[in-house]
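Structure first, then comments.
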Amino acid sequence: MLIEDLIKNNYLITPSAYYLLEPHYKKGFALAELIKFAKARGTFVIDSSIAEAFLLEKGLVSTGALGAGGGEKPLREAYKDALTDRIAGEMAQKDENGPLTIEYPESTPGTSLSSSPDVEAGESSISTGDAVESEPLVGFIPEISDENSGSADKTLISTGTHSKSKQSEVSTPAKEVFSSELLEGESFVSTGAFEAGTPAQNVEDNAEALPEEPSNGYIPVETTENGYSDSEEYYSGENGVKPKIVYGDYGIPIAYVAEDVEGEKSYSTYSNVVIKPKEGFHYRAKEIPDDWEIAFDVKSVKFQAPKVKNAASKEGEIVIQAYSSYFKSRLKKMRRIFRENPEIGTVIDIAKLSYVGDDEVTIIGLVNDKRETAKGYMFEVEDATGRIKVFLGRDKENASQVYNLIMPDSVVAFRGQPGRGIFFANRVFLPDVPKFRREKPALEEKVYAILLSDIHVGSNKFCEKAFEKFLEWLNGEVNSRAEEELVSRIKYLIIGGDVVDGVGIYPGQYNELAIPDIFDQYEALANLLRNVPGHITMFIGPGNHDAARTALPQPGFYEEYARPLYKLKNAVIISNPAVIRLHGRDFLIAHGRGIEDVVDFIPKRSHHRPAEAMVDLLRLRHIAPTFGNKVPIAPDPEDTLVIESVPDLFQAGHVHVMEYKIYNGVFVINTGTWQAQTEFQKMVNIVPTPARVPIIDVETARLRAVVSFEQFCEGV
């Protein structure tokens, strides 16, 4: 709360000052006292020296802590020594049969993950639709009716002799605590907003001491390409292993064992993988004219994000102003969406409610906070003119359901009557997707698109044999006339992020890499994708594992790392998110990190059922509504994550589980992965669905078939 409260009042705080003040916040002092103290010293940046002086004045700490030699230590060093002793003490109690859990004080708890039940599996026989009559179809082609979801285990076309794989259920250790930063192996960029907890990580060895802090009060950090900020110093433990001491986003020390990178790994970049089209195979898609355009790409938006040199600079004010502009932009775009709903009625600014009287009106605003009361639900809503408390009674229609669906910072419309300092809502409107839309003209011929994501080239769990079989299949190595018809009409291939596994994305990743060099990972991916037939246009976007800006939105790959992709003749690099218009149908492509926040805030949502979380994002008309949780948001002056136009198809990935669903005419699909189950996924009981290829009928924006190469994926 301290970080968030200070930012709301246009004050900044350094990491070292944070871990000095946080334990005493709202217990030993109030926010107003701290701001008054800083204002008296003519600064809006609270650093460690300000924090020390404030705590001493309040009598919350003594004037110093005695060192080993009897002299006094600076207050911040005393705190660091105490935290070091605690970490070292807890590491000494490590259970031989299980991982160590570090528990931080209540003010900075770690995030505990609990696994959800596995997705029910099963296959169903569904009619074949357009299948060729003269040849029996191998497998199943889906016919999907509105509002029905599809399981990842349904409607498969066999590509060979299928050996059934057994999926073992791995239980999560009861005492293990996982960091929110490590969810799905993500890297993290601080966006300046307070998170619910400071992460803890599993520690294998002891740490004797934390690094010395320089005299200016700032912690020595290095910001790497993947968004991690950590110390470069190592300190010996009792067992001789050198754990790396890393500071979290707000100064809490985290320790983990340094990666052993001694010796070089030998690996292939697939330069010898050459797959040519099957002789005599006829591609009907070659004869169909190209009809695509990038309807939206972040790179086409003309603005420049502010850059901050250090916390003491006045440029910190620019960051605050940028985020203010960001949310004003979101509110403006959402108001336009709401005005398309005829049920909204008269919309009034919050500041003008006092002039309304008893008439029923509508307010539209950002939901800053929500809580449940004995008689209903209370919201704090803010627009560009002010903020107000909104009360929604339990007796109102769908009150409980709507309350659960509203995520922090989402934009919602309330219709009701104003009271004295409060607004009594009778109805709540989400931006949502209209139930009825104009039908689009039919195409002259069938055209298909393949949707993929999370290939993770470079991981030792990458299903390389399965991916090569997929490339052979694209080049005409089919098993039936039905498959031949499908392959011959594939004209587009869309890849939605995490195309490589990356380097340094999470602690211990080196041991799980087959290709430990980021340049070689992109070289390997390009060597594979060059075997995609030339008439197929590939659209490739970044994810959180890629060499790209970690915070959303991601304009594209860093070209110096992903140069081999840019050289592919039939590849188009897109942003995350992006909208691709294929033959007049809009495909919204996002990597899908917003699913993490949905699972955090909306009850009964799970990584095992990603399509449900994607529908929630669609209903809120935003790729990542919540600021300051697990998904880092860049300080851009415009919110480009708003879903301004309703797409025909919404694709995401990230959670490695394939699932699809239709909501109000929009086909929603999570496209799975090409990576077998990792050690982290085993710990949190996530069972991926690798090596499955969904084929989309572009005309209807619906699933035509799912082709499985899972039998060729080792470790499944």
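The values are calculated or read from the model by the stated rules, or taken from the named source; none is laboratory data. Predicted, not measured: the structure shown is a model, and the values here were computed from it. Because the Cβ atoms are built from the backbone with ideal geometry, glycine has one as well, and the counts that use them run over all protein chains shown. Accessible surface is based on the protein model in full, side chains and every heavy atom, while ligands, DNA and RNA are left aside. Shrake-Rupley method; radii C 1.70, N 1.55, O 1.52, S 1.80 Å.
Assorted remarks:
- Of everything in the stretch 377-418 that is basic (Lys, Arg) and part of a loop (DSSP other than H, G, I, E, B), the residue that is farthest from residue 619 (Cα to Cα) is 394.
- Per the conditions (1) open to solvent by 10 Å² or more (accessible area, probe 1.4 Å); (2) over 24 Å from residue 8 (Cβ atoms), the sole criterion not satisfied by residue 613 is (1).
- Residues in the stretch 425-467 that are outside any loop (DSSP other than H, G, I, E, B) and among the β-branched types (Val, Ile, Thr) were compared, and the one that is nearest to residue 332 (Cα to Cα) is 428.
- Test: residue in the stretch 368-377 that is without any contact (Cβ under 8 Å) to a residue 24 or more places away in the chain, open to solvent by less than 40 Å² (accessible area, probe 1.4 Å) and either in contact with a Lys or Arg (Cβ under 7 Å, 6 or more places away or on another chain) or more than 21 Å from residue 602 (Cβ to Cβ) (or both): yes
- Output for the stretch 49-60, where each listed residue is among the hydrophobic types (A, V, I, L, M, F, W, C) and either within 23 Å of residue 319 (Cα to Cα) or surrounded by fewer than 17 Cβ atoms within 10 Å (Cβ to Cβ) (or both): 50, 51, 53, 56, 60
- So residue 519, is it open to solvent by 40 Å² or more (accessible area, probe 1.4 Å), out of contact with any Cys (no Cβ under 8 Å at 6 or more places or on another chain) and free of Cβ contacts under 8 Å to residues at least 60 places away in the same chain: yes
- Residue within the stretch 385-394 that is within 23 Å of residue 337 (Cβ to Cβ), polar (S, T, N, Q) and open to solvent by 20 Å² or more (accessible area, probe 1.4 Å) present: yes
- Filter result for residue 81 (farther than 29 Å from residue 409 by Cα, modelled with pLDDT under 85 and either out of contact with any strand residue (DSSP E or B) (no Cβ under 8 Å at 6 or more places or on another chain) or surrounded by 17 or more Cβ atoms within 10 Å (Cβ to Cβ) (or both)): no
- Test result for residue 480, modelled with pLDDT of 95 or more and at negative phi: no
- Among the residues of the stretch 13-48, those identified as crowded, with 18+ Cβ neighbours inside 10 Å, small (Gly, Ala, Ser) and either more than 21 Å from residue 320 (Cα to Cα) or touching a residue at least 60 places away in the same chain (Cβ under 8 Å) (or both) are 16, 17, 48.
- Among the conditions (1) touching a residue at least 40 places away in the same chain (Cβ under 8 Å); (2) over 22 Å from residue 456 (Cβ atoms); (3) open to solvent by 30 Å² or more (accessible area, probe 1.4 Å), residue 605 misses just one, which is (1).
- Conditions (1) open to solvent by 10 Å² or more (accessible area, probe 1.4 Å); (2) over 18 Å from residue 554 (Cβ atoms); (3) out of contact with any Lys or Arg (no Cβ under 6 Å at 6 or more places or on another chain): number failed by residue 637: (2)
- The set of residues in the stretch 522-548 being open to solvent by less than 10 Å² (accessible area, probe 1.4 Å) and assigned to a strand (DSSP E or B) consists of 538, 539, 540, 541, 548.
- Number of positions in the stretch 288-334 that are modelled with pLDDT of 85 or more, open to solvent by 50 Å² or more (accessible area, probe 1.4 Å) and of a type outside the set (Val, Ile, Thr): 10
- Residue match in the stretch 485-501 (condition: part of a helix (DSSP H, G or I), closer than 22 Å to residue 676 by Cβ and in contact (Cβ under 8 Å) with a residue 12 or more places away in the chain): no
- Tally of residues being of a type in the set (Gly, Ala, Ser), closer than 19 Å to residue 512 by Cα and touching a Ser or Thr at 6+ places or on another chain (Cβ under 6 Å) across the stretch 445-488: 0
- Residue in the stretch 662-676 that is at pLDDT 95 or above, open to solvent by 10 Å² or more (accessible area, probe 1.4 Å), farther than 16 Å from residue 587 by Cβ and not polar (S, T, N, Q) present: no
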